[in-house]
1. Under 6 Å between Cβ atoms, which residue pairs at least 6 apart in sequence (or on different chains) link something in the range 1-24 that is in contact (Cβ under 8 Å) with a residue 60 or more places away in the chain and open to solvent by 60 Å² or more (accessible area, probe 1.4 Å) with a partner that is in a loop (DSSP other than H, G, I, E, B) and of a type in the set (A, V, I, L, M)?
2. Based on what the data block shows, is Val27 touching an Asp or Glu at 6+ places or on another chain (Cβ under 6 Å) and either crowded, with 20+ Cβ neighbours inside 10 Å or part of a loop (DSSP other than H, G, I, E, B) (or both)?
3. With the range 33-122 as the region, which strands (runs of 3 or more DSSP E) entirely inside it contain at least 1 residues that are surrounded by 15 or more Cβ atoms within 10 Å (Cβ to Cβ), touching a Cys at 6+ places or on another chain (Cβ under 8 Å) and in contact (Cβ under 8 Å) with a residue 24 or more places away in the chain?
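The values are calculated or read from the model by the stated rules, or taken from the named source; none is laboratory data. Source: prediction; values computed, not measured. Don't worry about glycine lacking a Cβ; one is built from the backbone with ideal geometry, like all the others, and counts go over all protein chains shown. Keep in mind that these areas ignore ligands, DNA and RNA; they rest on the heavy atoms of the full protein, side chains included. Shrake-Rupley method; radii C 1.70, N 1.55, O 1.52, S 1.80 Å.
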Amino acid sequence: QEQLVESGGASVEAGGSLRLSCSVSGVSIRVVCVGWFRQAPGKEREGLVTMGTDGTINYRYADSVKGRFTGSKDSAKNTLYLQMNSLKPEDTAMYYCAAVSTDRCRLTPTFRLWGQGTQVTVSS
């Protein structure tokens with residue numbers, strides 16, 4: 001019943017923008033921590049942003065995307081988003097959304113629920 005489905009991945013030129021979406025079912029994003037992660041071939045999975053339940057000001061961003069990526073949530077739609085601006089070739093990766101209990105809301109790939117991923121490719 002619990003499921004996360006990403007969408008919006010595409011190929012884009014460096015400097016461009018994309019917005020990823022993650023539709024969540026089976027659990028309300030009002031009561032869990034959600035986040036975005038990515039993994040490039042041969043590299044470790046990297047946390048990009050975590051979004052807890054204690055306010056936007058407490059969202060955590062990885063240094064690699066801070067100022068370029070913005071996570072957001074639409075509780076009514078039970079959907080989360082990742083707005084990606086000023087994309088760089090090194091942003092090329094499979095992007096995942098995930099959910100975990102609020103007490104484990106950290107920028108580490110230890111979330112309980114994961115989507116299948118959506119591919120983002122940034123060309124130079």
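1. Pairs found: Glu2/Val27.
2. yes
3. 33-39, 46-51, 79-84, 93-100
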